[in-house]
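Student: Starting off with a structure, shown below.
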Amino acid sequence: MSDRTVQWLTDADQALAEARRVHKPLLLDFSAAPS
Amino acid sequence: MPVRFHVKQNPEGFARFKARWTPTQLVLDEQGEEKHRIEGFLPKDDFLAQLELGLGRLEFERGDFDAAAREFDDVVVRHPGATSAPEARYWAGVSRYKRSNDPNALKDTAEEVTRRWPDSEWARKASVWSGSR
């Protein structure tokens, strides 16, 4: 998974609200990698 | 919809979703309910297979067994060497059985999983179906 192609969100509540609105699943990634 | 939590920038996200290790990925449905969890590093092919397996689990738990079977079948076709391929084949068979109530779906699954991945735990799990016809 590359940051060049993935537009990561960081606000879980905003993402959950958007997922409900558009009926799409969520992928949560928990990382310790340097950003 | 991808959301990233960094251990230093967003530690509260780790607690909220009970992430105890990195990397961890969760697949949630649109209601925010966890359907699949991946913990620890995986090579690319295994990781992609796990993500697709998660989508299959999501459809399975929705009760859309046609969609679930398609997702699980895709894992097997696209990632036949992935560690989750036999699991995906197992659940594809269960999805077809749940849709049709045809025990042949389970027997066919047992035969294929045993033939292709004889040393997997999924071959052992499916072995009970070998005489299902």
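The values are calculated or read from the model by the stated rules, or taken from the named source; none is laboratory data. Keep in mind the model is a prediction, meaning the values are calculated, not measured. Counting neighbours? That spans all protein chains shown, and the Cβs are built from the backbone with ideal geometry, glycine included.
Student: Which residue pairs have Cβ atoms under 9 Å apart, sit 6 or more places apart or on different chains, and have a first residue in region B:27-45 that is touching a residue at least 12 places away in the same chain (Cβ under 8 Å) and a second that is in a loop (DSSP other than H, G, I, E, B) and among the acidic types (Asp, Glu)?
Tutor: Qualifying pairs under 9 Å: B:Lys35/B:Asp29.
Student: Run down B:Arg133, B:Arg124 and say which single residue is modelled with pLDDT under 95 and surrounded by fewer than 20 Cβ atoms within 10 Å (Cβ to Cβ).
Tutor: B:Arg133
Student: For region B:66-119, give me the residue count where each residue is more than 23 Å from B:Leu42 (Cβ to Cβ), in a helix (DSSP H, G or I) and of a type outside the set (A, V, I, L, M).
Tutor: 16
Student: Just one of the numbered conditions (1) β-branched (Val, Ile, Thr); (2) part of a helix (DSSP H, G or I); (3) within 16 Å of A:Phe30 (Cα to Cα) is not true of B:Thr22; which one?
Tutor: If we test B:Thr22 against (1) β-branched (Val, Ile, Thr); (2) part of a helix (DSSP H, G or I); (3) within 16 Å of A:Phe30 (Cα to Cα), just (2) comes out false.
Student: Restricting attention to region B:48-65, does a residue exist that is under 22 Å from A:Ala19 (Cβ atoms) and not in a helix (DSSP H, G or I)?
Tutor: yes
Student: What number goes with the only condition from (1) of a type in the set (Phe, Trp, Tyr); (2) in contact with a Phe, Trp or Tyr (Cβ under 6 Å, 6 or more places away or on another chain); (3) closer than 18 Å to B:Ile38 by Cα that B:Tyr90 does not pass?
Tutor: B:Tyr90 satisfies every listed condition except (3).
Student: Do you know which of the residues in region B:25-47 that are part of a loop (DSSP other than H, G, I, E, B) and within 19 Å of A:Gln14 (Cβ to Cβ) is farthest from the other protein chains (Cβ to nearest Cβ)?
Tutor: In this case the residue turns out to be B:Glu33.
Residue-by-condition table, conditions (1) modelled with pLDDT of 95 or more; (2) surrounded by fewer than 18 Cβ atoms within 10 Å (Cβ to Cβ); (3) closer than 23 Å to B:Ser127 by Cα:
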site	(1), (2), (3)
B:Leu28	yes, no, no
B:His36	yes, no, no
B:Leu53	yes, no, yes
B:Gly56	yes, no, yes
B:Asp64	yes, yes, no
B:Asp74	yes, yes, yes
B:Gly81	yes, yes, yes
B:Tyr97	yes, no, yes
B:Ala105	yes, no, yes
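Student: From the list B:Gly32, B:Gly54, exactly one residue is within 13 Å of the chain's Cα centre (by Cα) and among the small types (Gly, Ala, Ser). Which is it?
Tutor: B:Gly54
Student: Return a yes/no flag: does region B:8-21 have any residue that is within 9 Å of chain A (Cβ to nearest Cβ) and under 14 Å from the mean Cα position of the chain (by Cα).
Tutor: Checked against the condition, which is being within 9 Å of chain A (Cβ to nearest Cβ) and under 14 Å from the mean Cα position of the chain (by Cα), region B:8-21 yields no hits at all.
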